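Colleague: Here it is: the structure, laid out below.
The values are calculated or read from the model by the stated rules, or taken from the named source; none is laboratory data. Model, not experiment: these values are computed from the prediction. All Cβ positions, glycine included, derive from the backbone under ideal geometry; neighbour counts span all protein chains shown. These area figures cover heavy atoms from the full protein model, side chains too; ligands, DNA and RNA do not enter into them. Shrake-Rupley method; radii C 1.70, N 1.55, O 1.52, S 1.80 Å.
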Amino acid sequence: MEEKNQFMKEAIRLAGENLISQKGGPFGAVIVKNGEIIGRGANTVVEGNDPTAHAEINAIREACTNLGSYQLDGCEIYTSCEPCPMCLGAIYWARPSKIYFAADRHDAEMAGFDDSLIYQEIKAPIADRQIPLEQLMKAEAAELFQKWNNLDKKVEY
């Protein structure tokens, strides 16, 4: 348990540094494999004008680069706050073994980081979403998936 707390302390420390640097919101994350931190990330949305630069995404990018892999098999993610829907999606794509989080989405909401709209939009039918979605050229794009299925040499993920 003590080792887990040390990793979470590092994620929280990274989040706390952002209070001073103001590179983004107060969020931090670390990725651990075999008891060693292989990726660190803090929120850098403001610094890079990048709405996807959340702590978990930045940590995933660093860890995957360090591993030379697009998956985090056998890894654990420690994050200072419950992952938002975007980060949760990225985490699932990366396939770590476990996620540990400290604060939850309600704590973040009280500080002005409210993801409830996104959770609602995901559940809503496409026609009822706040940002309109319009499908174009379905057949042409769907054909690429058929070609993908027929490839002999492809990296499945």
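Colleague: Assuming a ≥ b ≥ c are the square roots of the Cα gyration tensor eigenvalues, decide whether the stretch 78-126 counts as rounded (a/c under 1.5), prolate (otherwise, with a/b larger than b/c) or oblate. Intermediate results must be reported in sequence, preceding the final value.
Modeller: Numbers: a/c = 3.17, a/b = 1.12, b/c = 2.82.
Note, shape of the stretch 78-126 comes out oblate.
Colleague: Still on this structure, I have one more. Using a 10 angstrom cutoff on alpha carbons, build the Gaussian network for the chain and name the most mobile of Leu19, Leu133, Leu144.
Modeller: Highest fluctuation among the options: Leu144.
Colleague: Which part of the stretch 85-100 falls in the paramagnetic zone of Leu117, meaning amide N under 18 Å from the point 7 Å along Cα-to-beta-carbon?
Modeller: Zone members listed by number: 85-87.
Colleague: Here is a follow-up. Carbon and sulfur: what percent of the stretch 1-53's accessible surface (1.4 Å probe)? Present the calculation step by step, with values, prior to reporting the outcome.
Modeller: Values: 1600 of 3040 Å².
Using a 1.4 Å probe with all protein chains present, the stretch 1-53 comes out at 53 percent carbon and sulfur.
Colleague: For the stretch 46-157, report the translational diffusion coefficient in µm²/s to the nearest whole number, using Stokes-Einstein at 4 °C, 1.567 mPa s, and a Kirkwood Rh over Cα pairs. Don't skip to the answer; put the middle values down first.
Modeller: Values: Rh = 17.0 Å.
Roughly 76 µm²/s, to the nearest whole number.
Colleague: Roughly what % antiparallel, to the nearest 5, for the DSSP beta bridges in the chain? Can you show the working numbers first?
Modeller: Working: 11 of 16 bridges.
Antiparallel bridges: around 70 percent, rounded to the nearest 5.
Colleague: Scan the chain and note any complete DSSP helix (H) whose C-alpha atoms cover at least 15 Å along its axis and whose Kyte-Doolittle average is 0.0 or more.
Modeller: Those that clear 15 Å and a mean of 0.0 are 55-67.
Colleague: Within the chain, what is the longest stretch that has no trypsin sites (Lys or Arg not before Pro) placed in a DSSP loop and near at most 10 other beta-carbon atoms within 10 Å?
Modeller: 1-152
Colleague: Among the lysines, which fall within straight-line cross-link reach of Lys98, defined as a Cα-Cα distance under 16 Å, with same-chain neighbours fewer than 8 residues apart omitted?
Modeller: Hits, sequence-local ones excluded: Lys4, Lys33.
Colleague: For the stretch 10-64 and the stretch 83-139, write down the distance between their C-alpha centroids in whole Å.
Modeller: After rounding, the separation between the Cα centres reads 18 Å.
Colleague: Is the stretch 99-157 best put as rounded, prolate or oblate by its Cα gyration tensor, with a ≥ b ≥ c the root eigenvalues, rounded for a/c under 1.5, and otherwise prolate when a/b is larger than b/c, oblate when not?
Modeller: It comes out oblate by the Cα gyration axes.
Colleague: Taking only DSSP H segments of four or more residues, each worth -39500 (n - 2.57), what value at 222 nm results for the chain once the sum is divided by all its residues, to the nearest 500 deg cm²/dmol? Please list the in-between numbers first.
Modeller: Numbers: 7 runs with 74 residues, N = 157.
Dividing the helical sum by the residues of the chain leaves -14000 deg cm²/dmol.
Colleague: Working from the alpha-carbon coordinates of the stretch 1-111, get Rg over Rh, Rh being the Kirkwood radius.
Modeller: When Rh is taken as the Kirkwood radius, the ratio is 0.94.
Colleague: Which value, in debye to the nearest 20, gives the size of the charge dipole of the chain about its Cα centre, when Lys and Arg are +1 and Asp and Glu are -1 at the Cβ?
Modeller: Dipole about the Cα centre, nearest 20: 340 debye.
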